[in-house]
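**Student:** A single structure is presented below for examination.
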Amino acid sequence: MNPAYISAFAALAGSVIGGLVSLAASWLTQRVQFRAQLLAQDLSRREELYNDFIEEASKWYVDAFEHDKAEISKLVKLYALVSRMRILSSPKIVENADRVMRLIIETYLEPNKSLRDLQEIMNNDVTDPLRDFSNACREELQGRRSL
């Protein structure tokens, strides 16, 4: 075989291999960036959902202290947030959110509370109804960040 052909073949093979390596590196980089972007979007969506639930539940929990009748149609947003959690979140998160919902409904069924009653409840170190939910959310979000 002519040495010129060997030299040309080697150059061509080197170019093909270099191109394939460059393509593979580029594809891998894009894949890693895409996964990181999806993870960031997922975390953001969950944080927003948990934030919305905490705000809505807090509002209704305070309302339950002051009133003994709930406007059920207004609680729909809270139920919708829990249902969205069923799609996105772990069973532990959903369980805690359900527990908060039940507590709000039970609080509506109890007699109204005054500011003095609220102070007594806080002095008796009754736990925050959203504490377990918030802790579960923090654990889940930290676990997902480490992926």
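**Student:** Assuming 0.36 nm per residue, please report the length gained on full extension of the stretch Arg116 to Arg86 beyond their Cα-Cα distance.
**Tutor:** Full extension of this stretch gives 7.1 nm more.
**Student:** Continuing with this model, one more query. Starting from the 7 Å offset along Cα-to-Cβ, what nm value, one decimal, do you get for the label separation of Ala10 and Ala25?
**Tutor:** 2.3 nm
**Student:** Can you give the FRET efficiency for Leu39 and Lys74, using 1/(1 + (r/R0)^6), R0 = 30 Å, r = Cβ-Cβ distance, to the nearest 0.05?
**Tutor:** So the FRET efficiency works out to roughly 0.30.
**Student:** At a threshold of 8 angstrom on Cα-Cα distance, excluding pairs fewer than six apart, so keeping six or more, what relative contact order does the chain reach in percent?
**Tutor:** 29 percent
**Student:** Just one of (1) 1.23; (2) 1.44; (3) 0.95 is Rg/Rh (Cα atoms, Kirkwood Rh) calculated from these coordinates, so which is it?
**Tutor:** Computed from these coordinates, Rg/Rh (Cα atoms, Kirkwood Rh) corresponds to label (2).
**Student:** What's the tally of Lys pairs in the chain whose alpha-carbon atoms lie under 21 angstrom apart, where the two lysines are 8 or more places apart or on different chains?
**Tutor:** Eligible lysine pairs with Cα atoms under 21 Å apart amount to 8.
**Student:** Order these peptides, 57-64, 139-146, by their mean beta-carbon neighbour count within 10 angstrom, highest first.
**Tutor:** Highest to lowest by the protection proxy: 57-64, 139-146.
**Student:** Still on this structure, I have one more. Which whole-Hz ³J(HN,Hα) couplings does segment 109-116 yield from phi under the Karplus relation 6.51 cos²θ - 1.76 cosθ + 1.60, θ = phi - 60°, glycine and proline marked x?
**Tutor:** My calculation for segment 109-116 gives 6, 7, x, 4, 10, 9, 5, 5 Hz in order.
Readers should treat all values here as calculations from the given coordinates under stated rules, not as data from a laboratory. The shown structure was predicted, so the numbers you read here are calculated from the model rather than taken from an experiment. When we count neighbours, we look across all protein chains shown, and the Cβ atoms used for this are built from the backbone with ideal geometry, even at glycine.
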